[in-house]
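Since the structure comes first, as structure tokens, the remarks are kept for the end.
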Amino acid sequence: MKIMVAIKRVVDYAVKIRVKPDKTGVETNNVKMSMNPFCEIALEEALRIREAGLASEVVAVSMGPAQCVDTLRTGLAMGADRGIHVESTTGLNPLNVAKIFTRLVELEKPGLIFLGKQAIDDDCNQTGQMVAGLLRWPQATFASKVVLDKEKQVATVEREVDGGLETLSLDLPAVITTDLRLNQPRYATLPNIMKAKSKVIKKYTPQELNVDIRSDFEVVQVTEPAKRKAGVIVSSVDELIDKLKNEAHAI
Ligand code: AMP
């Protein structure tokens, strides 16, 4: 069985986000970019399944500008067998990504797909659900545990929901999106970084895949969150209660 994993290049989680002066988006020039953390978890899970002998190949897919190849190389250094880069200089929204990914699934015919539960740049949390909808495959979102039964072709997935755990059983092929506690992704070792240089990355454009990437919505404005006012130190519990009651009207 082949597993496909979608990995997105995003602004590194440790970078302080700056909004562009014209408020059209966030600054990505001269900013450290990395693999989306939830995608690292998705890739790690696929690798563990392959290493357990339950899958034969892990294919990592990234869509976006030429630099996505760096993200793919990181994925290949973690252990993915090959990569697919769909190059687009136009921004891709979740429906665009889902349509492209669906087209690749038709070409590659994987038995299982992993995506991150959300990308930390746009926080959309839509792509995996859209992929499952377009393919009409079963889906389990926010997975915190995945167990595969190769014989029965079933994936058992635990998801963290309000107040507990939900367990789902999915017939394969299926779509799984990964949550934070699923696993701890590995670091790429130096020998694996070297090996990754010779692994294959196939290139497509959305046009070659016959996917129309027009958007039916537009981002009107991106603004920074309002600055928090400085706090005050109160001298007693009575003063705190008074302020909460009469200034903040919180109690
Ligand atoms: P989102 O719906 O944008 O929050 O993204 C959810 C997941 O979809 C990400 O964690 C990735 O696995 C996948 N994804 C979204 N955009 C891309 C992209 N441009 N390239 C590869 N994977 C993507």
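The values are calculated or read from the model by the stated rules, or taken from the named source; none is laboratory data. Please read all numbers here as calculations on a predicted model, not as lab measurements. Don't worry about glycine lacking a Cβ; one is built from the backbone with ideal geometry, like all the others, and counts go over all protein chains shown. Note: accessible area is taken over every heavy atom of the protein model, side chains too, but ligands, DNA and RNA are not part of it. Shrake-Rupley method; radii C 1.70, N 1.55, O 1.52, S 1.80 Å.
Summary table below
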{"item": "Accessible area expressed per residue, segment 2-226, with surrounding protein chains retained (probe 1.4 Å, Å²)", "result": "53"}
{"item": "Neighbour-limited loop hits for GluC sites (Glu not before Pro), segment 1-50 (at most 16 other Cβ within 10 Å; DSSP other than H, G, I, E, B)", "result": "27"}
{"item": "Electrostatic dipole magnitude of segment 2-226 [Cβ: Lys, Arg +1; Asp, Glu -1; Cα centre; debye, to 20]", "result": "740"}
{"item": "Sites residue 212 and residue 108 - FRET efficiency at Förster radius 22 Å, r taken between beta-carbons, to 0.05", "result": "0.60"}
{"item": "Cβ-based net charge around residue 46, under 13 Å, with every Lys or Arg adding one and every Asp or Glu removing one", "result": "-1"}
{"item": "Three-way shape call for segment 2-226 based on the alpha-carbon gyration tensor, with the a/c threshold at 1.5", "result": "rounded"}
{"item": "Counting DSSP beta bridges with both ends in the chain, the antiparallel % (nearest 5)", "result": "40"}
{"item": "Accessible-area composition of the chain, carbon plus sulfur, in percent [1.4 Å probe]", "result": "52"}
{"item": "FRET efficiency, 1/(1 + (r/R0)^6) with R0 51 Å, evaluated for residue 54 and residue 251 via beta carbons", "result": "0.40"}
{"item": "Residues listed by number, segment 1-42, amide nitrogen under 12 Å from residue 227 label point at 7 Å toward C-beta", "result": "none"}
{"item": "The chain - mean residue ellipticity at 222 nm from DSSP helices (-39,500 (n - 2.57) per run, n ≥ 4, rounded to 500)", "result": "-8000 deg cm²/dmol"}
